[in-house]
Amino acid sequence: MSHSRLLLAVVCTLPRLAVGQGPTITIRAGTVLDGRGGVVRNTTIVISGSRIVRLDPALTAATYDLHTLTLMPGGVDTHVHLTSHFDADGRAHNDPGGREPLEQTVLYAAENAYRALMAGITTVQSIGSNLDRELRDAIARGTIPGPRVITSLDWITPADGDADALRRTVRQRVAAGADVIKILGSKSIREGGGPTFTEQQLAAACGEAKALGRRCVVHAHAAEAARRAVLAGATSIEHGVLLDSATLDLIADHNTFFDPNLYLVFQNYFDNKARFLGMENYTEEGFAQMHRAVPLVLAVFQQALRRPKLRIVFGTDAVAGAFGKNWEELIYRVQVGGQAPMDAIVSATSVSAQSLALGDSIGAVAPGLQGDLIGVDGNPAEDITALRRVVFVMKGGQVVKHVAAVP
């Protein structure tokens, strides 16, 4: 499809049908990137209810003729903060409560979710706020449009106490509905990123999470913080700005997922500095630390790419101002970080789905998986910037965005 064609209409529908119900939908595609590294040409994707039934090249009549587009799985962003937003005064607002009514915070979070969905992100892991639960459940009911939400609810921090107290806190999170456990394993990069828990404390929390059937993701900037988290049984290491070669080897050897956040979160802070400055640890020194972090985490990412065993996922750490721009993280990884475009796409789809323990449900275009599909004007495996032109979005078999173009 030519970039100069006029885009006429956006048709957005709310997913109101129960899972497993609904008509059969067929989508004719010129190119399909299956999310696992494969490419299929000139085929029709058959979706019944919420799931993909088959890919049928012989079926040419289709509900949606998208033969000029590239079809691929919806994006899976493994690290966002849905409740973070700019409030009525234009200031960044990270934590529920305080100067803003909770119902207003939830509405802002719903806006963030909608922006992500319209950009082609069909699943997010939001870590974490207790208000994520209500948004997650409303989206799952089909009440409002948004990506599938996986949430940790609130973080676990050193304030939660010793090993026994941490186990109790994990149990409380799970009882409250947490899908995953999020642990603040290091200080913020604005405070140097040093470790905050002993290995024994982390083992207690991660062990309790595992016993209750939950994954454990650990915020860890420093190498020592990440090392402790890996040895304690963490499912994934988040951020990793200050990791060294030995720690990357350790993460790879333990089959732990790695979620580096290279670009979007930092650039968003820099672009909106006045809105964040003065809040919590968002000081001039904090911003200086973030500027120093950008080349450091890029170097870590490039080292990570040299380790084929290391499972790198797609997480943006999206906060206020970043939602809807999620793909910019992947574009940066390719254009600046040197990741091969197809590897980046696989990272943002099937590998990220695996990190959420959802690899048998989302993250690929394959029979039996959820009908989470996006149509892109261009081929991101050849030009990663095509991800800026998502013109069709289907989530769970329901079309939520369709931009029609002049033939």
| request: May I ask you to list the residues in segment 1-44 that are modelled with pLDDT of 55 or more, open to solvent by 90 Å² or more (accessible area, probe 1.4 Å) and not in a loop (DSSP other than H, G, I, E, B)? | output: R41, N42
| query | From the list E280, E285, which residue is on the phi > 0 side of the Ramachandran plot and either open to solvent by less than 10 Å² (accessible area, probe 1.4 Å) or modelled with pLDDT under 95 (or both)? | reply | E280
| Do any residues in segment 236-249 that are of a type in the set (D, E, K, R) and open to solvent by less than 10 Å² (accessible area, probe 1.4 Å) have Cβ atoms under 7 Å from those of residues that are modelled with pLDDT of 95 or more and part of a strand (DSSP E or B), where the two are at least six apart or on different chains, and which pairs are they? | E238/H79; E238/V217; E238/V218; E238/H219; E238/A220; E238/D259
| query | Does segment 47-97 hold any residues that are over 20 Å from G35 (Cβ atoms), of a type in the set (S, T, N, Q) and crowded, with 23+ Cβ neighbours inside 10 Å, and which are they? | reply | T83, S84
| Criterion violated by S347 - all others in (1) open to solvent by less than 30 Å² (accessible area, probe 1.4 Å); (2) of a type outside the set (A, V, I, L, M, F, W, C); (3) closer than 28 Å to T24 by Cβ satisfied | (3)
| field | Residues of segment 163-172 that turn out to be open to solvent by 20 Å² or more (accessible area, probe 1.4 Å) and either in contact (Cβ under 8 Å) with a residue 24 or more places away in the chain or not basic (K, R) (or both), as a count | value | 5
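So that you can scan it fast, the table gives a plain yes or no per residue for (1) modelled with pLDDT under 95; (2) over 16 Å from G128 (Cβ atoms):
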position: E191; (1), (2): yes, yes
position: G194; (1), (2): yes, yes
position: G207; (1), (2): no, yes
position: L212; (1), (2): no, yes
position: H219; (1), (2): no, no
position: L243; (1), (2): no, yes
position: A252; (1), (2): no, yes
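Restricting to segment 179-206, count the residues that are in contact with a Gly (Cβ under 8 Å, 6 or more places away or on another chain), surrounded by 24 or more Cβ atoms within 10 Å (Cβ to Cβ) and not in a helix (DSSP H, G or I).
3
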| field | Answer from V174, V170, V180 - the residue that is at pLDDT 95 or above, touching a Ser or Thr at 6+ places or on another chain (Cβ under 7 Å) and of a type in the set (A, V, I, L, M) | value | V180
| Out of curiosity, is G146 within 30 Å of E382 (Cα to Cα) and without any contact (Cβ under 8 Å) to a residue 60 or more places away in the chain? | yes
| request: Examine segment 100-119 for a residue that is assigned to a strand (DSSP E or B) and in contact (Cβ under 8 Å) with a residue 40 or more places away in the chain, and state whether such a residue exists. | output: no
| note | Among (1) outside any loop (DSSP other than H, G, I, E, B); (2) over 26 Å from E111 (Cα atoms); (3) in contact with a helix residue (DSSP H, G or I) (Cβ under 8 Å, 6 or more places away or on another chain); (4) of a type outside the set (F, W, Y), V351 falls short only on (3)
| helices (runs of 4 or more DSSP H) contained entirely in segment 207-291, each with at least 1 residues that are closer than 26 Å to G177 by Cα and touching a strand residue (DSSP E or B) at 6+ places or on another chain (Cβ under 8 Å) | 223-232
| task | Run V174 past the list (1) assigned to a helix (DSSP H, G or I); (2) touching a strand residue (DSSP E or B) at 6+ places or on another chain (Cβ under 7 Å) and report the number of the one that doesn't hold. | result | (2)
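Looking at this structure, is A176 among the small types (G, A, S) and farther than 20 Å from V399 by Cβ?
Numbers: among the small types (G, A, S): yes; farther than 20 Å from V399 by Cβ: yes.
Here the answer is yes, as A176 does meet what is asked.
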| List the pairs whose first member sits in segment 337-348 and is closer than 17 Å to A299 by Cα and touching a residue at least 40 places away in the same chain (Cβ under 8 Å), whose second member is open to solvent by 10 Å² or more (accessible area, probe 1.4 Å) and assigned to a helix (DSSP H, G or I), and whose Cβ atoms are under 6 Å apart, counting only residues at least 6 apart or on separate chains? | A344/V334
| Subset of segment 366-393 [surrounded by fewer than 20 Cβ atoms within 10 Å (Cβ to Cβ), under 24 Å from D317 (Cβ atoms) and not basic (K, R)] | T385
| Looking at G363, G324, G338, which is the one that is open to solvent by less than 30 Å² (accessible area, probe 1.4 Å) and not aromatic (F, W, Y)? | G363
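The values are calculated or read from the model by the stated rules, or taken from the named source; none is laboratory data. Note that the structure is predicted; figures quoted are calculated from it, not measured. Glycine also receives a Cβ, built like all others from the backbone with ideal geometry; neighbour counts cover every protein chain displayed. Accessible surface areas use protein heavy atoms only, side chains included; no ligands, DNA or RNA. Shrake-Rupley method; radii C 1.70, N 1.55, O 1.52, S 1.80 Å.
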